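Visitor: Attaching a single structure in C-alpha cells format; questions to follow.
Derivation of every value follows stated rules applied to the coordinates shown; laboratory data play no part. Nothing here was measured: the structure is a model prediction, and the numbers come from that model. All Cβ positions, glycine included, derive from the backbone under ideal geometry; neighbour counts span all protein chains shown.
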Amino acid sequence: MKAIRVREFGPPEVMMLEDIPVPPVGPDQILVRVRAAGVNPVETYIRSGSYAFRPSLPYTPGGDAAGVVEQVGGKVTGHRSGDRVYTAGTVSGAYAEFAVCHADQVYPLPDGISFPRGAGLHVPYATAYRALFHRAHARAGQIVLVHGASGGVGLAAVQFAVAAGLTVIGTGGTERGHELVRAQGVAQVLDHRAPGYLDELMRLTGGRGADLILEMLANVNLGKDLTVLAKGGCVVVIGCRGEVQINPRLLMRAEGSILGVLAGSPAEVAEAHAAIGAGLRAGTLRPVVGQELPLDAAPQAHREIIESPAYGKIVLLP
C-alpha cells in the first residue's frame with residue numbers, strides 16, 4: 001500500500017510516500033480502507049520532533065481518517081466489512097491507503113457525510129466538545145468568544161456552542177473566513193487583525209466581556225484575553241506555539257481561571273463521539289473541508305496548516 005513515512009524528525013520534507021505492506025490486523029482491531037485523512041497541527045509538531053511525545057521511527061503520521069471497514073478481527077463486534085466509518089486515532093497511522101485501529105477508535109459515519117468531511121471529525125470536534133463541556137462546563141445563555149473560528153476546532157466549537165444555546169462571538173483573519181463563520185449562526189464575527197477588536201467585543205457585551213474564551217493561539221492572545229474576561233469566566237487553552245507573559249491582576253479582577261485541554265478519559269472520549277454522532281445525524285454539526293490534497297502532498301499540507309489562514313480542514317486523499 002501507499003503510505004507517508006517519517007524516518008527522521010525535521011521539516012515537512014522528511015515525509016515521503018513509500019510502498020509498504022498492509023499492516024496485520026489483531027483480534028481486537030479493525031482494518032480501514034482510508035478514503036480521506038485529516039491533517040491536524042499536532043501532527044506537524046510531532047513530525048518536527050518538538051512535541052513531548054515522539055513515536056518510534058519510522059512511522060506514518062495521522063490519527064483522523066474516514067473510509068470503509070476492510071477487515072475486522074475475530075473478537076470485534078459491532079463492525080463489519082463494508083461499514084462507512086471515521087477514526088478517532090489509529091494504530092498504524094492515517095496518512096495511508098489502509099489503517100489499523102483498535103475497535104474503540106472506529107465510529108459509524110452517517111451516509112450523508114462525505115469521507116473528506118468525516119476525516120475532519122475526531123481531533124476538531126472531540127477537542128471542541130471537551131473544551132466547552134468537560135473543561136469549561138458551558139451553559140446555555142453564556143457568551144463565548146471563539147478565537148480562530150474559521151479553523152477546524154474553531155468551527156466545531158462554534159457549531160456545538162450555537163446548538164447548545166450559547167451566544168457565540170467568533171474571530172477570523174480573512175473575509176472568506178468571516179463569511180464561513182457567519183454562516184454558522186454566530187452573533188458576531190470580529191477581525192482579529194484589526195486594532196481594538198476586543199474593544200468591540202466589550203461594546204457588544206455591554207461591558208460584561210466573555211464568560212468563556214476558547215484560545216487557539218495562547219502565546220499571542222492569552223494576555224489580551226484576560227482583559228475581556230467576564231466575572232467568574234474562564235479561558236480554555238486549546239493551542240499554543242510558545243511562551244507568554246500575563247498580568248495575574250487581570251485574572252484576580254475577574255476571579256477567573258485559565259484551563260488547559262488535552263484528550264480526556266475513555267469515558268469522556270466516548271461521550272464526545274456520542275455527541276458528534278448525534279449532531280451529524282441532526283444536522284447541527286457540519287464539518288467543512290477547506291482543501292483536499294493527494295497523499296503525496298503531505299509536506300504541502302503541513303506547511304499550509306501552520307502558515308495559511310485557517311479555513312476548515314485540510315485533508316489528504318490516498
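Visitor: Assign unit charges at the C-beta atoms only (+1 for Lys and Arg, -1 for Asp and Glu), then state the dipole size of segment 124-260 relative to its Cα centre in Debye, rounded to the nearest 20.
Guide: Working: 13 positive and 10 negative charges, 47 e Å.
Once rounded to the nearest 20, the dipole reads 220 debye.
Visitor: If the chain were replaced by its equivalent ellipsoid, with semi-axes equal to the square roots of 5 times the Cα gyration tensor eigenvalues, what would those be, largest first, whole Å?
Guide: Numbers: eigenvalues 240, 87, 59 Å².
Computed over the chain, the values are 35, 21, 17 Å.
Visitor: What is the dipole size for the chain, taken about its Cα centre, with +1 at each Lys and Arg Cβ and -1 at each Asp and Glu Cβ, in debye to the nearest 20? Kindly include the intermediate steps, with their values, before the conclusion.
Guide: Working: 28 positive and 28 negative charges, 114 e Å.
Charge dipole of the chain: 540 debye, to the nearest 20.
Visitor: Quick check: net charge around residue 32, other residues with Cβ under 13 Å of its Cβ, Lys/Arg +1 and Asp/Glu -1?
Guide: Working: positive: 33, 35, 80, 84; negative: 64, 70, 83, 97.
Neighbourhood net charge equals 0.
Visitor: Give me the percent of DSSP beta bridges within the chain that run antiparallel, rounded to the nearest 5. If you can, show how the numbers build up before the last one.
Guide: Numbers: 28 of 54 bridges.
Around 50 percent antiparallel, to the nearest 5.
Visitor: Under a straight-distance cross-link criterion of Cα-Cα below 14 Å, which aspartates and glutamates are reachable from residue 313, leaving out those fewer than 8 residues away in the same chain?
Guide: Those aspartates and glutamates meeting the cut-off are 43, 64, 292, 304.
Visitor: Let me ask you something else. Sorted from fewest to most neighbouring beta carbons within 10 Å, what does the list 129, 86 look like? Walk me through the numbers on the way to the answer.
Guide: Details: 129 26, 86 31.
Least to most surrounded, the residues fall as 129, 86.
Visitor: Among 93, 31, 207, pick out the residue whose Cα is farthest towards the positive end of the charge dipole of the chain, where Lys and Arg carry +1 and Asp and Glu carry -1 on C-beta, about the Cα centre.
Guide: Highest projection toward the positive end goes to 207.
Visitor: Among the aspartates and glutamates, select those whose C-alpha is under 18 Å from the C-alpha of residue 75, and discard any that sit fewer than 8 residues away in the same chain.
Guide: Filter leaves 28, 83, 104.
Visitor: If you line up the long axis of helix 298-307 against the longest principal axis of the chain, both from Cα atoms, how many degrees apart are they, to the nearest 10?
Guide: Computed tilt is about 0 degrees.
Visitor: Please work out the C-alpha center-to-center distance from segment 143-222 to segment 1-55 and express it in whole Å.
Guide: With segment 143-222 and segment 1-55 each reduced to a Cα centre, they are spaced 32 Å.
Visitor: So, by mean Cβ neighbours within 10 angstrom, what's the order for 163-173, 303-313 with the highest one leading? Don't skip to the answer; put the middle values down first.
Guide: Values: 163-173: 21.8, 303-313: 17.7.
Highest mean packing first, the order is 163-173, 303-313.
Visitor: Restricting to segment 124-260, compute how many DSSP beta bridges are antiparallel as a %, nearest 5. Display every interim value, and only then the final one.
Guide: Details: 0 of 20 bridges.
The antiparallel fraction comes to roughly 0 percent.
Visitor: How tilted is helix 152-163 with respect to the longest principal axis of the chain? Cα atoms for both, answer in degrees (0 to 90, nearest 10).
Guide: 60 degrees
Visitor: Moving on to the next point. Cα centroid distance between segment 303-318 and segment 227-242, in Å?
Guide: Spelled out, the Cα-based centre of one part sits 25 Å from the other.
Visitor: Return the ratio Rg/(2.2 N^0.38 Å) for segment 124-260, where Rg is computed over Cα atoms only.
Guide: Numbers: Rg = 13.3 Å, N = 137, 2.2 N^0.38 = 14.3 Å.
Expressed relative to 2.2 N^0.38 Å, the Cα Rg reads 0.93.
Visitor: Each residue of segment 53-67 in order: what ³J(HN,Hα) in whole Hz does its phi give by Karplus 6.51 cos²θ - 1.76 cosθ + 1.60, θ = phi - 60°, with x for Gly and Pro?
Guide: Computed from phi, the couplings for segment 53-67 are 8, 10, x, 5, 8, x, 8, 9, x, x, x, 9, 8, 9, x Hz.
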